[in-house]
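Got a structure for you, questions after.
The values are calculated or read from the model by the stated rules, or taken from the named source; none is laboratory data. This is a predicted model, so every value here is computed, not measured. Glycine also receives a Cβ, built like all others from the backbone with ideal geometry; neighbour counts cover every protein chain displayed. SASA here: full protein model, heavy atoms, side chains in, ligands and nucleic acids out. Shrake-Rupley method; radii C 1.70, N 1.55, O 1.52, S 1.80 Å.
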Amino acid sequence: AGPANFDGRPVMVVGHQKGRDIQQRAYRNFAMAKPEGYRKAVRMFDMAERFRLPVVTFVDTPAAAPGVESESRGISEAIAASMLKMFELTVPVVSVVIGEGGSGGAIGIACANRVLMQQHAIYSVIPPEGCAAILWRDPDKGPQAAAALKLTSQAAIEFDLVDEILEEPFGGAHRNPTDAAATVKGAIERHLLDLDRFSPQELKQQRYDRFRSLGRFETA
């Protein structure tokens, strides 16, 4: 997390870093942020508001860290505080789901005016393995849980959870990171320019209305 320069425009960047091999992933706790990570994000959001910096976040986490240590240091409160701070921002906020968008670990830095999602990313209220363990007491039923969760980018846009799907190179973003990054960059730039036309209060209200409108039900 920290201030950055985006094509000459100052922005605030917050994101998960997962790592590319098992050693890096273990060092990064598999991108499962602990309470202090979300409290850092809140400080960055505060700074962005103070200096009128647009916020760009990158989401790639299976979930927030679920251990006893995280619970003892207030992981739920830290995520809630981060969400609240994002809803209070009067600057443009764009979030990009670049891999896994899992549970509160994702939404803690994704309460944005625009939520974008790479083509092969997933966005879900809970990781499939966790869902299977809760519903069927059997983590091996992860594929069945994944189908029920409708966690693909196509499902997310059909349910209006995201605003745009970012096409990935053939075989996935990891096959051609340069082209994938160029696609993400172009989309962020386009949405930031579009959000510039809104006043600070309109940005805040638009973000609130966006999340209040999520969710559908049917009466049988």
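Could you pull out the chymotrypsin sites (Phe, Trp or Tyr not before Pro) across the range 163-220 that fall in loop regions by DSSP (anything but H, G, I, E, B) with no more than 16 other Cβ atoms inside 10 Å?
In loop regions of the range 163-220 (DSSP not H, G, I, E or B), the sparsely surrounded chymotrypsin sites (Phe, Trp or Tyr not before Pro) are Phe170, Phe198, Phe217.
Determine how large the accessible area of His174 is when every protein chain is in place; take a 1.4 Å probe and give Å² rounded to the nearest 10.
130 Å²
If the chain between Leu135 and Gln119 were fully stretched, how many nm would it gain, using 0.36 nm times the residue separation less the Cα-Cα distance?
Full-extension gain reported as 3.0 nm.
In nm, what is the difference between 0.36 nm times the number of residues separating Gln201 and Arg39 and their Cα-Cα distance?
In short, 55.9 nm is gained.
Mind checking the log10 I(q)/I(0) for the range 40-112 at q = 0.17, 0.20, 0.28 Å⁻¹? Debye, one equal scatterer per Cα, no solvent, two decimals.
Here the Debye-derived log intensity ratios amount to -0.61, -0.82, -1.28.
If the range 120-169 were replaced by its equivalent ellipsoid, with semi-axes equal to the square roots of 5 times the Cα gyration tensor eigenvalues, what would those be, largest first, whole Å?
24, 11, 7
Straight distance only, please: which aspartates and glutamates reach the Cα of Lys85 with their own Cα at less than 13 Å, same-chain residues fewer than 8 apart left out?
Leaving aside aspartates and glutamates fewer than 8 places away in the same chain, those within reach of Lys85 are Asp46, Glu49, Glu77.
If you don't mind, there's one more thing I want to ask. Using a 7 Å offset from the Cα along the Cα-to-Cβ direction at both Leu84 and Gln144, what is the distance between the two label points in nm, to one decimal?
A separation of 4.0 nm, rounded to one decimal place.
Per DSSP H run of at least 4 residues, take -39500 (n - 2.57); add these up for the chain, divide by its residues and hand me the 222 nm value, nearest 500 deg cm²/dmol.
Result for the chain, helices only: -13500 deg cm²/dmol.
With the calculation restricted to Cα positions, what are the radius of gyration and Dmax of the chain in angstrom?
When restricted to the Cα atoms of the chain, Rg and Dmax are 17.2, 54 Å.
Rounded to whole Å and sorted largest first, list the principal axis extents of the Cα atoms in the range 1-58.
Taking the Cα atoms of the range 1-58, the three principal extents are 37, 27, 11 Å.
While we're looking at this one, here's another question. What relative contact order, as a whole-number percentage, does the range 90-131 give when Cα pairs under 8 Å and 6 or more residues apart are counted?
Averaging sequence separation for qualifying contacts and normalising by length gives 48 percent for the range 90-131.
Could I ask something else about it? For a Förster distance of 30 Å, can you work out the FRET efficiency between the beta-carbons of Glu189 and Ser72, rounded to the nearest 0.05?
It comes to 0.10.
Using Cα atoms only, what is the angle between the long axis of helix 200-212 and the major principal axis of the chain, expressed in degrees (0 to 90) to the nearest 10?
The two axes meet at around 20 degrees.
Sticking with this one: Determine which aspartates and glutamates satisfy two conditions relative to Lys141: a Cα distance under 18 Å, and not lying fewer than 8 residues away in the same chain.
Cα-Cα hits under 18 Å: Glu129.
Just the Cα atoms of the range 89-220, one point each, no solvent: what log10 I(q)/I(0) does Debye give at q = 0.14, 0.20 Å⁻¹?
Evaluating at q = 0.14, 0.20 Å⁻¹ gives log10 I(q)/I(0) of -0.71, -1.20.
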